[in-house]
Amino acid sequence: MQFGVVLGDDERVMSLSTAGVAAFSGAVLFGSEIPGEYRIDRSGYEPSGAPEVVVRAVDVDDVRRAVTLAAEQGLSVVVRGAGTGLAGGASAGAGTLVLDVSGLRRILEISTVDEWAAVEAGVSGATLDAAAGLHGLRYTPDPASIAISTIGGNIATNAGGLRCVKYGVTGDAVLGLGVVLADGSLVHTGRRTAKGVAGLDLTRLFTGSEGTLGVIVEAVVRLQPVPVQTLTVAAYFDDVEQAAAATAAVLAARVRPAMLELLDEASLREAQDLLGVRTRSAGAFVVAQADGFGARAEADIISDVFRQYTSRIQVGDDAEAAAELLAIRRAALPALERHGRALIEDIAVPRSRIAEAVRRITEVATRHHSRIYTFGHAGDGNLHPIIVVPGDDAGAAARATAAADEIFATALELGGTITGEHGVGVLKRQWLEREQGPDALRVQRQIRRALDPQGLFNPGKAY
């Protein structure tokens, strides 16, 4: 069979049955049996055609069999966790076998003394965090989708989150991995010690590889003590420039809040409307969180800095009050998705240029007659300009694409990057060379060919 040739359902069932499908512990779906959700992820990107086979793996042996089977049958492999990716990396069209690893959901071990956890790829961050909490520990990566996204997917995209400013992105918490390679073999990388430099850092290589080098099936991740205290400080500003200046001043005061989030006026209004909370008119909203033994001192400094720019400040010193303030930030994206397809962009710029970036995004929105809402992680310069495409506007999609293209160009002009945490996937592939240059891209492709000479994993994605 040639790569990408599509057989009818009956032909595919017969072909795969003779190839050992019965050996799988998990379910195997064909053709019309496959739910439409397996074609797309949360990015909304729609590939040509539909996957031919879905393997719902329940253990590592299922993953190894699926990879081997795909190679034998001339199918490409698209790995899928919860499907929450935002760059089209988990989209699957014709000629693909979708390998669903969300069934690998065991927490294998938690070391309370050495502060790490060994987990399977389908475990959600929230599940691990809750289990670690029973031992006075926590899993610090905090993507907005933590309640539903899988740790395997978070590692594959090197996902960020609200606590990045202090604790870093997902990769900063990863100590080691279990990865199934293109030949079906299982390799373990990294360590379970606090430090170690033996050999090349393969853990870092697979982290952020977006399913192009192998299938992440297990991970050893670092845990942190639960902070003895957490305080939340929120402030309302007249405009985004004022809010950006305040966040820069907080960092210049040499405090490191656990999070420092910003919403523009339109995002704030939509989030409040979704939550049904009393609308408080403002040009921008910032929520910060300080934790640890010095939380009170840091929260006081943050409040004092904010007061240089606004008098509208709230402090949440208990869990309920903090949750109410953070709910506004977490509600921003769901609020926008009510109005149509949301193109969720993801740029990062130097923190000193956040205000300029937001101002230029506003100009882009005006120029392209598009509805763009901006929020993000002000503490590390990571902004999410969300372009809403109403279903009843025939020209909105084309205008949105042009606007996104200009936003990416703006990020690079300001010394930033086209993606701070969502990955390249399909949607940003054409921009990768513009940021990194042809030589860097050539090296990445050589590594990919060395590990996957057949081009089995996620062809047409990332680089």
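Which percent, nearest 5, of DSSP beta bridges in the chain are antiparallel?
Numbers: 61 of 71 bridges.
Roughly 85 percent of the DSSP beta bridges within the chain come out antiparallel.
For percent of Cα pairs over 32 Å apart, several values are listed as [x] 41; [y] 55; [z] 45; flag the one computed from this structure.
Answer by label: [x].
Place a point 7 Å from Cα of ARG307 in the direction of its Cβ. Which residues in the range 265-293 have their backbone N less than 19 Å from it?
Hits in the range 265-293 for ARG307 at 19 Å: 286-290.
Under a point spin-label approximation (7 Å from Cα along Cα-to-Cβ), what is the ARG434-ARG192 distance to one decimal in nm?
Between ARG434 and ARG192, the label points sit 4.7 nm apart.
So what's the back-of-envelope 222 nm ellipticity for the chain, counting only DSSP H runs of four-plus at -39500 (n - 2.57) apiece and dividing by all residues, rounded to 500? Walk me through the numbers on the way to the answer.
Working: 15 runs with 156 residues, N = 463.
Per the formula, -10000 deg cm²/dmol.
Which helices count as membrane-span-like in the chain under these terms: full DSSP H, at least 24 Å along the axis by C-alpha, Kyte-Doolittle mean of -0.5 or more?
Span-like helices, by this rule, are 396-413.
R0 = 25 Å: FRET efficiency of VAL443 with LEU412, Cβ-based, nearest 0.05? Before the final figure, lay out the partial values.
Numbers: r = 20 Å, r/R0 = 0.80.
With a Förster radius of 25 Å, E is 0.80.
Once you put a point 7 Å from the Cα of ASP405 and another 7 Å from the Cα of ILE148, both along the Cβ direction, what distance in nm separates them?
Here the answer is 3.2 nm between the modelled labels.
Give me the percent relative contact order of the chain, please, defined on Cα pairs under 8 angstrom at least 6 residues apart.
Working: 1012 pairs, mean separation 67.6, N = 463.
Taking the mean separation of contacting Cα pairs over the length of the chain, I get 15 percent.
Using 0.36 nm times the number of residues separating ALA253 and VAL226, minus their current alpha carbon distance, what extension gain do you get? Show your work: numbers first, answer last.
Values: separation 27, 0.36 × 27 = 9.72 nm, distance 2.47 nm.
7.2 nm is the gain from fully extending ALA253 to VAL226.
Treat every Asp and Glu Cβ in the chain as -1 and every Lys and Arg Cβ as +1, leave all other atoms uncharged, and give the resulting dipole magnitude about the Cα centre to the nearest 20 debye.
On the way: 44 positive and 56 negative charges, 137 e Å.
The dipole magnitude comes to about 660 debye.
Going 7 Å from the Cα of ARG204 toward and past its Cβ, which residues in the range 167-187 have a backbone nitrogen under 20 Å from where you end up?
Only 167-179 pass the distance filter.
Taking θ = phi - 60°, what integer Hz values does the Karplus form 6.51 cos²θ - 1.76 cosθ + 1.60 yield along the range 373-386, in sequence order, with x for Gly and Pro?
Couplings: 10, 10, 8, x, 9, 4, x, 10, x, 8, 10, 10, x, 9 Hz.
Would you compute, for the Cα atoms of the range 301-449, the largest minus smallest coordinate along each principal axis and list the three values in descending order, in whole Å?
52, 40, 28
How far, in nm, would the chain grow between ASP393 and LEU275 when pulled straight, counting 0.36 nm per residue and subtracting the alpha carbon separation?
Working: separation 118, 0.36 × 118 = 42.48 nm, distance 2.67 nm.
Taking ASP393 through LEU275 to full extension adds about 39.8 nm, to one decimal.
On a straight-distance basis, which lysines could pair with LYS195 in a cross-link, Cα separation under 23 angstrom, same-chain partners fewer than 8 positions away excluded?
Output for LYS195: LYS166.
Values quoted throughout were computed directly from the atomic coordinates according to the rules given, and no laboratory measurement underlies them. If you're wondering where the values come from, they're calculated on a predicted model, not measured in any experiment. Cβ atoms come from the backbone with ideal geometry, glycine included; neighbour counts cover every protein chain shown.
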